[in-house]
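Step one of this worksheet: look at the structure below.
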Amino acid sequence: MKFVLIAFLLAMIAFASTSGEGLPNCLCTREFAPVCANDGVTYGNKCEFNCAKSRLQGRSADDFKIARGGDCNGPEIPQFLEEF
């Protein structure tokens with residue numbers, strides 16, 4: 001009986017880990033460490049950027065990169081400060 005319950009819970013977790021479109025849901029922290037992508041959009045942190053990238057398909061995902069640290073409309077954050 002425990003095996004059936006565990007199998008059911010694992011199946012529910014696997015089902016819940018994808019959105020309705022079959023794309024992965026991303027679990028990111030709320031840490032604010034903005035990054036500017038080459039599409040001109042500021043993402044709250046690298047995890048949010050990687051989540052957006054994972055939703056892209058094919059060649060466009062390969063071309064999607066972080067342009068620089070910081071807000072796209074603000075001053076650039078020096079790379080050595082991005083780790084803190």
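The values are calculated or read from the model by the stated rules, or taken from the named source; none is laboratory data. Please read all numbers here as calculations on a predicted model, not as lab measurements. Here the Cβ is made from the backbone with ideal geometry for all residues, glycine too, and neighbour counts use every protein chain on show.
Tabulated data for the structure shown
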{"quantity": "Selection within region 68-77 - touching a Gly at 6+ places or on another chain (Cβ under 8 Å) and at pLDDT 80 or above", "calculated": "CYS72"}
{"quantity": "Members of region 13-63 that are of a type in the set (Gly, Ala, Ser), at pLDDT 75 or above and not in a strand (DSSP E or B)", "calculated": "ALA33, GLY40, GLY44, ALA52, SER54, GLY58, SER60, ALA61"}
